[in-house]
1. Just to verify a number: FRET efficiency for E57 and Q366, C-beta to C-beta distance, R0 = 45 Å, to 0.05?
2. May I ask you to give the average projected area over all directions of the convex hull of the Cα atoms of region 138-228, in nm² rounded to one decimal?
3. In nm, what is the difference between 0.36 nm times the number of residues separating V224 and A119 and their Cα-Cα distance?
4. Ordering K221, K72 by accessible area with a probe of 1.4 Å, largest first, what comes out?
5. For a test of the definition: using alpha carbon positions, the gyration tensor, and the 1.5 limit on a/c, classify region 175-275 as rounded, prolate or oblate.
6. Across bins of 10 angstrom width beginning at 0, how are the C-alpha pair distances of the chain distributed, in whole percent?
7. About the Cα centre of the chain, what is the dipole size in debye to 20, counting +1 per Lys and Arg Cβ and -1 per Asp and Glu Cβ, all else neutral?
8. Restricting to lysines 8 or more places apart or on different chains, can you count the pairs in the chain with Cα atoms under 27 Å from each other?
Amino acid sequence: MTGRSDVLIVGGSIAGIRTAEGLRRLSFEGSITVLEAGPDLPYDRPALSKQVLAGGESAESVRLRSQADLDKARIELRRGCRGVGLDVDARTVRLDDGTAIEYSDLVIATGSAPRRLPAAPVRPGVHYLRTVRDALDLRDAIDGPVRVVVVGAGFIGSEVAAVAATRSASVTVVEPYAFPLSRVLGDLVGKRLARLHESKGVQLVLGRSVSEVGDDGAGGKRVVLDDGTTLDCDVVVVGVGAIPHTDWLVGSGLDVADGVVCDEFCRASAPHVFAAGDVARWPNELFAESMRIEHWTNAVEQAGVVAWNILHPDNPRAYAPVPYVWSDQYGSRLQIVGRPRAEDEVRIVLDDPADDSLVALYVRDQRLAGAFGLNAPSRMLVLRRSLAARASLDEVMATVNEKG
Ligand SMILES: Cc1cc2nc3c(=O)[nH]c(=O)nc-3n(C[C@H](O)[C@H](O)[C@H](O)COP(=O)(O)OP(=O)(O)OC[C@H]3O[C@@H](n4cnc5c(N)ncnc54)[C@H](O)[C@@H]3O)c2cc1C
């Protein structure tokens, strides 16, 4: 059986839903169907590793839209419905129930999934965090004075460590790089982030990776590191990055290379196919770089551009944003704008112990390439605008120092 939708969106999370809503905002009157493999109404993931894990918010409170909101916008969300194949010539998506849907335009918004550590397969006591169910399971697991080992000091690992430490767990973080986030932000900022963890009693094991996760013989877990050190614990949480959900596109002929490869207008390699959010890779002209970004703001902004480009094929907009991500850890707000790299020249323009604030600029080829901020939201807003305007370094220095 083959159904039909004018716009078919595969993936019913922030990128998919915002694309659908963007179409309606632009007065699109055709049919919109969203396929979502998961069982839930759309929800926001950032709160999962923060408020939900901390116990402050329920699963309901992170819901993005109610069924009534979707009905009102005439968005047909089909939950528990997975796209399993794409035929770009027949313009149809095959579903896991054996049916198919024909489309005029297709949006791939299937996001990403946690990268699995071969040494740490999912089993009792070993957690990965992506869905609301993952968050509720982990919340229960870290309730009490348990011993937690977090593998990976990226955003999600660090946020989990921060919440667990606040909830009276004893926490150890294992990270293969010299410092948290030092792979991207370099050692100077990485050291500062290490201090943030350690000041809250979290133990860091840096420059080490995990070679095995097994049982300790007493009902707990044993994490074995590459130097033979063992860490016994009750809970292991793995946060080692994400991989785009593109497996269902195998055989479609669509160009896929660490994400759905798009042009600057977010158009994939077949006519009438677009991609948005974590799954999309596209050339960002502002940074002269091919990117795939796994951050909330990108999913929202890219969805808006995709909606426009579906409706304006003769006047498409290039998607050229300044990447932005935030993270909340131990009551501090971390923000990154642009594309900082560890090898860039780092200029500290604010370092105030009074409110634990820091702003680091990343300079490449005498231009601002990115910035990191700790508890400095207004300056980071200014810096994001400066990057968008391709301001000179002199202009950037003048404006960032004006901000009090
Ligand atoms: C715990 C956590 C905390 C985060 N915190 C932050 C933060 O503080 N700041 C920030 O900027 N970003 C954060 N992020 C990242 C942000 O949530 C993601 O960038 C955002 O969710 C991407 O949205 P998306 O719609 O592209 O993909 P996703 O949210 O991954 O959604 C994709 C959807 O597609 C569905 N799907 C997949 N394959 C199929 C298929 N074949 N058929 C049908 N449906 C399918 C999936 O079930 C999923 O619901 C966080 C992510 C997590 C997991």
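The values are calculated or read from the model by the stated rules, or taken from the named source; none is laboratory data. As the structure is a prediction and not an experimental result, all values here were calculated from the model. With ideal geometry, Cβ positions are generated from the backbone for all residues, glycine too; neighbour counts draw on all protein chains shown. Side chains are part of the model used for accessible areas, which takes the heavy atoms of the whole protein and leaves out ligands, DNA and RNA. Shrake-Rupley method; radii C 1.70, N 1.55, O 1.52, S 1.80 Å.
1. 0.50
2. The Cα convex hull of region 138-228, projected and averaged over all directions, gives 5.9 nm².
3. Value of the extension gain: 36.9 nm.
4. My answer, sorted largest first, is K72, K221.
5. Oblate, since a/c reaches 1.5 and b/c is not below a/b.
6. With 10 Å bins starting at 0, P(r) equals 5, 21, 28, 26, 16, 4, 0.
7. With Lys and Arg at +1 and Asp and Glu at -1, about 400 debye.
8. Taking the Cα cut-off of 27 Å, the pair count is 6.
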